[in-house]
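Each remark here refers to the structure printed beneath this line.
Nothing in this text is a laboratory measurement; each read-out follows from the coordinates by a stated rule. The structure displayed is predicted, hence computed values, not measured ones. A quick note on method: Cβ atoms are made from the backbone with ideal geometry, for glycine too, and the neighbour counts reach across all protein chains shown.
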Amino acid sequence: MFGIVRPCTHRLTDGLKTAWTAHLCGLCLALRADHGQFARVVTNYDGLIVSVLTEAQTGAVA
C-alpha cells in the first residue's frame with residue numbers, strides 16, 4: 001500500500017483542500033527542522049495520512 005494514498009482533489013471542498021495542504025506543509029517543515037532535507041525528499045502522502053488521522057482522533061485544528 002506504500003505510495004498509493006492520494007486525495008480526490010476534485011471532490012474536496014476549499015476548506016478541506018486548505019486543511020490537506022496545511023498538513024502537507026506542516027509535515028514537510030517539521031521534517032526539515034528535525035531531520036534535515038533528505039527526510040523531506042522521501043516524504044509521500046502515506047506519511048501525510050498519519051497526520052490527518054491523528055488530528056481527526058484528537059480534534060486539534062491544523
**Request:** Rounded to the nearest 10 degrees, what's the angle between the helix 14-35 long axis and the longest principal axis of the chain, both from Cα atoms, 0 to 90?
**Result:** 10
**Prompt:** Over the chain, what is the mean sequence separation of C-alpha contacts under 8 Å (at least six apart), divided by residue count, expressed as relative contact order in percent?
**Reply:** 43
**Prompt:** Helix 45-58 versus the longest principal axis of the chain: what angle, 0 to 90°, nearest 10, using Cα atoms?
**Reply:** 60
**Fill in**
Within the under-12-Å Cβ sphere about Cys28, not counting Cys28, Lys/Arg +1 and Asp/Glu -1 give a net charge of +1
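For the chain, report the convex hull volume of the alpha-carbon atoms normalised per residue, in Å³, without decimals.
On the way: hull volume 6.0 nm³, N = 62.
Value for the chain: 96 Å³ per residue.
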**Item:** Under 15 Å from the Val50 label point (7 Å along Cα→beta-carbon), backbone N, segment 4-24
**Value:** 4-5, 24
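Can you give the helix-only mean residue ellipticity at 222 nm for the chain, where every DSSP H stretch with n ≥ 4 adds -39500 (n - 2.57) and the sum goes over all residues, rounded to the nearest 500 deg cm²/dmol? List each step's numbers first, then the result.
Values: 3 runs with 41 residues, N = 62.
One gets -21000 deg cm²/dmol as the mean residue ellipticity at 222 nm.
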**Request:** Can you tell me how much longer the chain between Thr9 and His35 gets when fully stretched, taken as 0.36 nm per residue apart minus their C-alpha distance, in nm with one decimal?
**Result:** 6.5 nm
**Asked** If you place +1 on the Cβ of every Lys and Arg and -1 on the Cβ of every Asp and Glu, how big does the dipole about the Cα centre of the chain come out, in debye to the nearest 20?
**Response** 160
**Max mean-square fluctuation residue, GNM over the chain, Cα-Cα springs under 10 Å, options Leu31, Leu16, Leu48** = Leu16
